[in-house]
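The values are calculated or read from the model by the stated rules, or taken from the named source; none is laboratory data. All values derive from a computational prediction rather than experimental measurement. Because the Cβ atoms are built from the backbone with ideal geometry, glycine has one as well, and the counts that use them run over all protein chains shown. With ligands, DNA and RNA removed, areas are computed over all heavy atoms of the protein, side chains included. Shrake-Rupley method; radii C 1.70, N 1.55, O 1.52, S 1.80 Å.
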Amino acid sequence: MVMDSFGGGEPQEGETTAVRARRGLLVVGSFVVLLYLIEILNTALFHSLNRTFGLRPRSLDGILDILTFPLLHSSLAHLMSNTLPLIIFGFLVFLSGHRVFITALAASWLASGLVVWLIGGASVTVGASGLVFGLFAFLLVRGFINRNWWQIALSVVLFMAYGGILFGILPTVASFVSWQAHLGGAIGGITAALLLSTRRPGALPAGR
């Protein structure tokens, strides 16, 4: 039995960090492979899937598109731009356990879609960048919420390496992309971090 070395705080029988890391690579890698298979099919169909399953803001039947729009991309280059951060952030979140990963991913997915549906522009929105922003935001804030020094140190390193992408939530900076999806994803990631907080009422800060 091992404790979650990344701050989940819940013991998991028969699972080491190495086992969890391998499982994380398998799960996140499989999801990325799925995105590429969908993009290959979409390209062969001249990206007609985007018109059918892309997210159409403020459209009643577009609500269902919340479930599909992160799986589609406007081009191979669009997908490639999301691939590396999605793998890195997804893998780091998965190290805290599959429950944490599923919660953070689902919250990012749904919040990203809801914000786009509510305040998105007239065009159809596709892409997994909302998930990228959600997982990134989760990794950035959870250490401060949990008062976990290892998680805070990781968030500092990630901010130094990828903090520039946060400009993508500003409409004046990212007007050519769906800043609404980025903002919604970040809101979802922060919400997941709050829901999964390991702090308890009355608990003393670490080191006291």
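Could the peptides 69-75, 130-136 be put in order, highest first, of the mean number of other beta-carbon atoms found within 10 Å of their residues?
130-136, 69-75
Quick one: if you stick a label point 7 Å off each Cα along the C-beta vector at Ile102 and Ala122, how many nm between them?
Each label point lies 7 Å from its Cα, and together they span 4.2 nm.
Net charge around Ala153, counting only other residues with Cβ within less than 14 Å of its Cβ (Lys, Arg = +1; Asp, Glu = -1)?
Summing Lys and Arg as +1 and Asp and Glu as -1 gives +2.
Provide the gained length on full extension for the span Leu34 to Leu195, in nm with one decimal, where the gain is 0.36 nm per separating residue minus the Cα-Cα distance.
55.1 nm
Through the Karplus equation 6.51 cos²θ - 1.76 cosθ + 1.60, θ set to phi - 60°, convert the phi angles of the range 66-76 into ³J(HN,Hα) values in whole Hz; use x for Gly and Pro.
4, 7, 10, 5, x, 7, 10, 9, 6, 6, 5
Would you compute, from DSSP H runs of 4+ residues alone, the mean residue ellipticity of the chain at 222 nm, taking -39500 (n - 2.57) per run and dividing by the full residue count, rounded to the nearest 500?
Value at 222 nm, helices only: -20000 deg cm²/dmol.
In the set (i) 26, 24, 13; (ii) 25, 19, 17; (iii) 31, 19, 15, which value of semi-axes √(5λ) of the Cα gyration tensor in Å was calculated from the structure you see?
(iii)
I want to check the label-to-label distance for Thr16 and Phe144. Put each point 7 Å from Cα in the C-beta direction and report it in nm to one decimal.
Calculated label separation equals 3.6 nm.
Compute the signed sum of charges (Lys and Arg +1, Asp and Glu -1) over the other residues within less than 13 Å, Cβ to Cβ, of Val124.
Working: positive: Arg51, Arg56, Arg58; negative: Asp61, Asp65.
With Lys, Arg at +1 and Asp, Glu at -1, the neighbours total +1.
What accessible area per residue, rounded to a whole number of Å², is obtained for the chain using a probe radius of 1.4 Å?
With all protein chains present, the chain gives 52 Å² per residue.
When Lys and Arg each count +1 and Asp and Glu each count -1, what net charge do the other residues less than 15 Å away from Phe69, Cβ to Cβ, add up to?
Net of charged neighbours comes to 0.
Order these peptides, 103-114, 45-56, by their mean beta-carbon neighbour count within 10 angstrom, highest first.
In descending order of packing, they fall as 103-114, 45-56.
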